[in-house]
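What follows is a single structure, written as structure tokens, with notes after it.
The values are calculated or read from the model by the stated rules, or taken from the named source; none is laboratory data. These numbers were taken from a predicted model, which means no experiment stands behind them. FYI the Cβ positions are ideal-geometry reconstructions off the backbone, even for glycines, and counts take in every protein chain you see.
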Amino acid sequence: MTSLSALDAADLPADAIEVGRIADAWGVKGWFKVQPYSASPEALFSSKRWYLQPPERGARHFEGTVLMPVRQAREHSDSVVACSDGVPDRNAAEALRGARIFVPRSSFPTAGDDEYYWVDLIGLAVANREGVALGVVRELLSTGPQTVLVLEETVDGKPRERMIPFVAAYIDRVDLAGRTITVDWQPDY
């Protein structure tokens, strides 16, 4: 079994967000391929310290949370490749396969005007211009040309799903501090 003793045990920060997973080793010098959960993996590049947890299923080469200092990370095709001084060779990189990557939300780059991280939208209450509650953002879907808010609400004790395109034509206002989104959308759409 390959030793990952160069990676220190750590506590997961309170604001940690799971941003990807290690897919496989890449090359022979300890580099590894990362599958980011976002099409724009800026969070992976902005943090030089990644917190790893073992895969939920499959082989586990470490337990708990470990801190991995990242020496270099860059885009490569449809993924990211990275290296760390704590991962000296291909065998060590293979031992990380499936590991989940977390970074503190506080290390994300600042979003531009009218730009939002998906993680910040999840859990926001959505209401239309008339003040009718439409649900809470459960997740977001990327459909290619646009992103779609997936809302969940409970009607007569049963969960109900509603989808609203996250485009300027339907989104009037996002109030992160107030935890609300106002939309031009009717309950019967």
- Query: Are any residues in the stretch 124-170 assigned to a strand (DSSP E or B) and either in contact with a Phe, Trp or Tyr (Cβ under 7 Å, 6 or more places away or on another chain) or touching a residue at least 40 places away in the same chain (Cβ under 8 Å) (or both), and if so, which ones?
  - Reply: Ala125, Val126, Ala127, Asn128, Leu134, Val137, Leu140, Ser142, Thr147, Val148, Leu149, Ile164
- Output the number of residues of the stretch 103-126 satisfying the condition of being more than 23 Å from Pro69 (Cβ to Cβ) and crowded, with 16+ Cβ neighbours inside 10 Å. 9
- Message: Looking only at the stretch 76-102, filter to residues that are touching a residue at least 24 places away in the same chain (Cβ under 8 Å) and farther than 13 Å from Trp26 by Cα; which one of those is surrounded by the fewest Cβ atoms within 10 Å (Cβ to Cβ)?
- Response: Asp85
- Task: Would you be able to tell me the number of residues in the stretch 23-60 that are touching a helix residue (DSSP H, G or I) at 6+ places or on another chain (Cβ under 8 Å) and crowded, with 18+ Cβ neighbours inside 10 Å?
- Result: 10
- Does the stretch 18-37 include one or more residues that are among the hydroxyl-bearing types (Ser, Thr, Tyr), outside any loop (DSSP other than H, G, I, E, B), assigned by TED's automatic domain parsing to the domain that holds Arg100 and over 15 Å from Arg97 (Cα atoms)? no
- Query: Which residue, of Phe102, Phe166, is modelled with pLDDT of 90 or more and within 15 Å of the chain's Cα centre (by Cα)?
  - Reply: Phe102
